[in-house]
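First comes the structure, then the notes that go with it.
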Amino acid sequence: MKIFIDFDDVIFNTRRFKADFEVIFSQFGITANVFAENYFNYPPNKKGFPMRTYILEKHLAKINQVASFARPILEKNIGIFLEDTRKYVFPDVENFLKNFSPPELFLISHGDKNFQGKKIKNTRLESYFSAISISSDQKSRTIYPWMKKGEEKKFFLDDRVHYLEEVKKSLPEITTILIQRPEGRYHDRKNKYCDFKAKNFKEAWKIISKFRKE
C-alpha cells in the first residue's frame, strides 16, 4: 500500500497558521489588506490560476513597494515563528499516520521549498514518511517515480479537487480521497475524479482500512 498525502489543510491547519502569520506583519504596521493583496501578487503566480506558490521573499518585496517596515527584524520574527509549527497539526493526524509504516507514506506538498520546508520540518512529523516532496510542479509528476505496477493499492489525499483531478487523469489506478475538514480554507465540490470524500482522518482511515482487508 502507498498513501500520498497533501500537507496544507489536510495535515496542517493552514487557516489558523496564516491568521497567526498575519499578526506578525500587523505588528510592523502592515495592514490586513496590504498583506492579502500581495500574498500571491508576483511571478510565477497568475491571477485566477488555482496553482499558486507562496514565496516569502517575494511577498516581502511586494509589500515593501507600498509600505515601509523594518524588514530584517520582521524576517527574524518570522524565523522564530517557524521554529515550531506542531500546534498547527490537526489532532487526528498522528493516530492516522501510526496505522502505517514509513514505506507506505509519502508527503506531497505544493509550495516553495524554503518556506514550506520549514513549516513541514518543524511539525516534527518527518519520521512518519519515507519521502517528502515540496514542488510547484504537477502532483502527478511528483508521485509518478514512486509508482510501481502491480496489485499494490495506492491512495492520494488532498483538499483541492483540481489536484485530485490532475492526478486521477494521469494516474487512474490511484484511489482519490477529497479531504474536506470543517477547519479547511477550501470546500470544493466533489466530482467524478474524487473516489471518496472524508471530513477528517478518522473517516479517511475507515475508507482505507476496508481496502486493507480485501
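Residues in segment 132-160 that are in contact with a His (Cβ under 8 Å, 6 or more places away or on another chain) and open to solvent by less than 10 Å² (accessible area, probe 1.4 Å): 139 alone. Scanning segment 25-73 for residues that are more than 21 Å from residue 163 (Cβ to Cβ), in contact (Cβ under 8 Å) with a residue 24 or more places away in the chain and touching a Gly at 6+ places or on another chain (Cβ under 9 Å) returns 67, 69.
Condition (residue is open to solvent by less than 20 Å² (accessible area, probe 1.4 Å), touching a His at 6+ places or on another chain (Cβ under 9 Å) and within 27 Å of residue 166 (Cα to Cα)) applied to segment 84-103: is it met by at least one residue? No. Residue count for segment 161-214, restricted to those that are open to solvent by less than 70 Å² (accessible area, probe 1.4 Å), of a type in the set (Asp, Glu) and more than 24 Å from residue 145 (Cα to Cα): 2. From the list 83, 37, 75, the lone residue that is under 19 Å from the mean Cα position of the chain (by Cα) and of a type in the set (Asp, Glu) is 83. Confirm whether residue 153 is on the phi < 0 side of the Ramachandran plot and touching a Ser or Thr at 6+ places or on another chain (Cβ under 9 Å). So residue 153 fits the description; yes. When 168, 192, 202 are checked against the criterion of being more than 16 Å from residue 2 (Cα to Cα), in contact (Cβ under 8 Å) with a residue 12 or more places away in the chain, charged (D, E, K, R) and touching a helix residue (DSSP H, G or I) at 6+ places or on another chain (Cβ under 9 Å), 202 stands alone in meeting it.
Kindly check whether there is at least one residue in segment 95-111 that is closer than 30 Å to residue 29 by Cα, modelled with pLDDT of 95 or more and among the basic types (Lys, Arg). Within segment 95-111, none of the residues are closer than 30 Å to residue 29 by Cα, modelled with pLDDT of 95 or more and among the basic types (Lys, Arg).
The values are calculated or read from the model by the stated rules, or taken from the named source; none is laboratory data. The shown structure was predicted, so the numbers you read here are calculated from the model rather than taken from an experiment. Every residue, glycine among them, receives a Cβ derived from its backbone with ideal geometry; neighbour counts consider all protein chains shown. What goes into the accessible areas is simple: the full protein's heavy atoms, side chains included, and nothing from ligands, DNA or RNA. Shrake-Rupley method; radii C 1.70, N 1.55, O 1.52, S 1.80 Å.
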